[in-house]
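S.K.: Please find one structure pasted underneath; my questions will follow.
The values are calculated or read from the model by the stated rules, or taken from the named source; none is laboratory data. In this text, all values refer to a predicted model and were calculated from it rather than measured experimentally. Here the Cβ is made from the backbone with ideal geometry for all residues, glycine too, and neighbour counts use every protein chain on show.
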Amino acid sequence: MGPPTPTAPGRGGGGFSGGETLTVELFVNGTLMRGLALHPNLDGAEFLGEFQTAPCYRIYSIDDRHPGMFELGEGEEGGVSVPGEMYRMPDEVWARVEAGEPPNLYKGPVKLSDGRVVDGILYPRELAERQHRDISEYGGWRAYWASRSSS
C-alpha cells in the first residue's frame, strides 16, 4: 500500500490519510446538517464539529426548501454569523453532495468566526435578494425552521 498520501493544500486540512485521500472540507448551513433532509448525502463524510461564520453574511429562505447564504461586500453593514457544521469527505462523497444540491447553490470560500477561510455552500446574492425571504434575523436555518413550526 505505500506511504500515506498528503492531501492537497486547502482541501483536507493539510494532513495525511491512509487508503483513500480525504480531499474536501466543507462548511454546510442548511439541509445537509445532521437530522435534516439532505444529510444522508454526507454518508461517508467525517463530522468535524459545529462552527459559526464570521458576522458578514446574510441568509435567505429559498422557497422554504433550503437556505441560501452570501457574503456581504467589504464595509457593508447588517451581516450575521451563521451557524453550521464542518465535514471532511473523499471526492466520491463530495460528488454525491454536489449532485444532490438544489439549483444555484455552489461551493465557495466562507469565512469562519475563528478567522479560517474554508469551502462552504453559497447562493448568488442577486437571486436571493430579488426573489426570496431574508431570514438573517433568525441567525440560521434551524432557528428559522423552528420558528415556523412554533407559529
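S.K.: Considering only residues of the range 51-100 that are of a type in the set (D, E, K, R) and in contact (Cβ under 8 Å) with a residue 60 or more places away in the chain, which is farthest from Leu38 (Cα to Cα)? Let's see the steps before the verdict.
M.R.: Taking the range 51-100 and keeping what is of a type in the set (D, E, K, R), we get 58, 63-65, 71, 74, 76-77, 85, 88, 91-92, 96, 98.
If we keep only those that are in contact (Cβ under 8 Å) with a residue 60 or more places away in the chain as well, we get 58, 63-64, 88, 91.
On the way: Arg58: 22, Asp63: 16, Asp64: 14, Arg88: 16, Asp91: 17 Å.
Filtering first and then ranking leaves Arg58.
S.K.: Please note which strands (runs of 3 or more DSSP E) are completely contained in the range 58-151 and include at least 2 residues that are buried (at least 21 other Cβ atoms within 10 Å of the Cβ).
M.R.: Values: elements: 66-71, 83-90, 106-111, 117-122.
The strands (runs of 3 or more DSSP E) meeting that bar are 66-71, 83-90, 117-122.
S.K.: Between a residue in the range 20-32 that is under 10 Å from Glu85 (Cα atoms) and buried (at least 23 other Cβ atoms within 10 Å of the Cβ) and any residue that is modelled with pLDDT of 95 or more and hydroxyl-bearing (Ser, Thr, Tyr), which pairs come within a Cβ distance under 6 Å, given they are 6 or more apart or on different chains?
M.R.: Note: pairs meeting the criteria are Leu26/Tyr87.
S.K.: Among the residues of the range 22-32, which ones are in a strand (DSSP E or B) and of a type in the set (A, V, I, L, M)? Spell out how you get there, then give the answer.
M.R.: Taking the range 22-32 as the starting set, the residues that turn out to be in a strand (DSSP E or B) are 22-28.
Passing the criteria: Leu22, Val24, Leu26, Val28.
S.K.: Would you check if there is a residue in the range 15-23 being over 23 Å from Ala146 (Cβ atoms) and either modelled with pLDDT of 95 or more or of a type in the set (Val, Ile, Thr) (or both)?
M.R.: Going through the range 15-23, the residues over 23 Å from Ala146 (Cβ atoms) turn out to be 15-23.
The next check asks that each one be either modelled with pLDDT of 95 or more or of a type in the set (Val, Ile, Thr) (or both); those that pass are 21, 23.
For the range 15-23, residues over 23 Å from Ala146 (Cβ atoms) and either modelled with pLDDT of 95 or more or of a type in the set (Val, Ile, Thr) (or both): present.
S.K.: Please go through the range 33-50 and pick out each residue that is exposed (fewer than 13 other Cβ atoms within 10 Å of the Cβ) and not in a loop (DSSP other than H, G, I, E, B).
M.R.: Of everything in the range 33-50, those that are exposed (fewer than 13 other Cβ atoms within 10 Å of the Cβ) and not in a loop (DSSP other than H, G, I, E, B) turn out to be Pro40, Phe47, Gly49, Glu50.
S.K.: How many residues does the range 107-127 hold that are touching a Phe, Trp or Tyr at 6+ places or on another chain (Cβ under 8 Å) and more than 10 Å from Ala54 (Cα to Cα)?
M.R.: Filtering the range 107-127 down to residues touching a Phe, Trp or Tyr at 6+ places or on another chain (Cβ under 8 Å) leaves 110, 112-114, 118-125.
Subsequent filtering for residues that are more than 10 Å from Ala54 (Cα to Cα) retains 118-125.
Here the count works out to 8.
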